[in-house]
């Protein structure tokens, strides 16, 4: 039977093989069944609703649950927002609705302080809620006497005021592993203290960039906050490229320390690849097309080095035993090199969105087989492909649904069966967006013809009217505020037209 199946697949084109792969249907159906039954992060200790998890499965939940349910699980995060704008990790109801005296009665709100993604996660989640339900009036609703849009603004202000380092202009956190929530210095490792080593890494900054884009898109065109937040977005993107990108290794450095490192001086931490943060940085538009290709190649090389069943979605190689005090963070354990479909799935989606059909399909197949083979969505896996952590892990289920949908969209477009254009091919070097008064120029270093345009008055964030926009043969768009030509410092301001423009008409707009 295996031989017959392989023969059939070989007889198909790649898009046909993807669209006929029944594993996609099986996993999607199983994921939707899980999401229909609640909002907790997972079974067991993950009974609360965590905002970083909910943010990743809300779009998929929107396909199977009514808008009122989605909103009801966003409101507690807003109700529990602190006076300084901070957002907690999670909430849990400890009293039934029938005996609650106030909306806050019985709500438990733990907050870890070693990570810096809670506020960004909430802003992104509200953006996704509005996008999938079209409930824009929610932004004007009062929660605890304050409009939702004002609460989101306060959350972003909290990060800028409390987390943004004035010297580097980037979001800070403790020394954790990539997107992890456990610091190196102690156990359990969830709270900043006198022993913490403040550091900057890609994940929190990429999350903030996405949140700034999303909030600017939610605001009305005349709202002055749009320009304020868009300006900050530009600054952070440029600083990410300036301080976190390792040109020699073609990847992000793990940490930029504000003071000392908690690790021995002879330890080459920069050799570690942060896969999850890189996937989120691609979503934020912080990598070029060539860098996306290289990032995927590095993740595949790391998988082969470790012998893992799939790309990790965490880090490679792991930190040596004892570098993180928590006993769960042994080598290739948990966030220290364990295999995480929750983040591997995000990389799959980005590969599909950026037109890498073969690479996306190769990367998603082990994730599908894990779910089908184990009958559940587990939090993470060991190198031996043993399921670990919480079962019923909704973040992983939600991310896989989005990856499946993006892969199918890419396959339909490539197969010529799509009723509409695939997003990553909407605008390109060969099909320029209209209204930018494009002008061709010859690049003196490469000899290629490149295009420069000027952003029109009705452009959407992160662009502003009058910005210069550049695109070369790799179809990577960049924007900046000075006259041409583009400079190396402008490469942090990547623009993804598919997020902010409608699908193209027949004209190239040149």
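Side notes on the structure shown:
- For the chain, averaging the sequence separation of C-alpha pairs within contact (under 8 Å, six or more residues apart) and dividing by the residue count gives a relative contact order of 15 percent.
- Taking the centroid of alpha carbons for each part, segment 428-470 and segment 116-164 are 32 Å apart.
- Cβ-based exposure ranking for 248, 442, 325, in which fewest neighbours within 10 Å come first: 248, 442, 325
- In range of the label at residue 385: residues from segment 358-374 whose backbone nitrogen is under 18 Å from the point 7 Å along Cα→Cβ: 361-374
- Pairs of Cα atoms nearer than 8 Å and 6+ residues apart set the relative contact order; for segment 208-364 it is 17 percent.
- Stretch gain in nm, segment residue 331-residue 45, where the contour uses 0.36 nm per residue and the Cα spacing is subtracted: 100.7 nm
- R0 of 25 Å, Cβ-Cβ distance residue 150-residue 227: FRET efficiency to nearest 0.05: 0.90
- Estimated purely from DSSP H runs of n ≥ 4, each contributing -39500 (n - 2.57), the mean residue ellipticity at 222 nm for the chain is -11500 deg cm²/dmol once divided by its residues.
- Taken along the Cα-to-beta-carbon direction at a fixed 7 Å, the label points for residue 267 and residue 305 span 1.6 nm.
- Residues residue 93 and residue 297, FRET efficiency given R0 of 56 Å [Cβ-Cβ distance, rounded to 0.05]: 0.75
- Packing, taken as the mean count of other beta carbons within 10 Å per residue, orders the peptides 250-258, 443-451 from highest to lowest as 250-258, 443-451.
- With R₀ fixed at 30 Å, the C-beta to C-beta distance from residue 257 to residue 161 puts the FRET efficiency at about 0.90.
- Using equal-weight Cα scatterers in the Debye expression, the normalised intensity of the chain in log10 at q = 0.07 Å⁻¹ is -0.37.
- 165, 268, 214, 53 arranged by Cβ crowding within 10 Å, fewest neighbours leading: 268, 165, 214, 53
- 128, 386, 163 arranged by Cβ crowding within 10 Å, fewest neighbours leading: 386, 163, 128
- Separation of the residue 441 and residue 69 label points, Cα + 7 Å toward Cβ, nm: 5.4 nm
- Normalising the average separation of contacting C-alpha pairs (under 8 angstrom, six or more residues apart) by the number of residues puts the relative contact order of segment 439-499 at 23 percent.
- Inter-probe distance in nm under a simple model that places probes 7 Å from Cα toward Cβ, at residue 84 and residue 22: 5.6 nm
- For segment 311-325 versus segment 243-306, the inter-centroid distance based on Cα atoms is 13 Å.
- Hull volume in cubic angstrom per residue (convex hull over the Cα atoms of segment 453-495): 69 Å³
Coordinate-derived values only; no laboratory data. Remember, predicted model here, so these are calculated numbers, not experimental data. Virtual Cβ from ideal backbone geometry, glycine too; neighbours counted across all protein chains shown.
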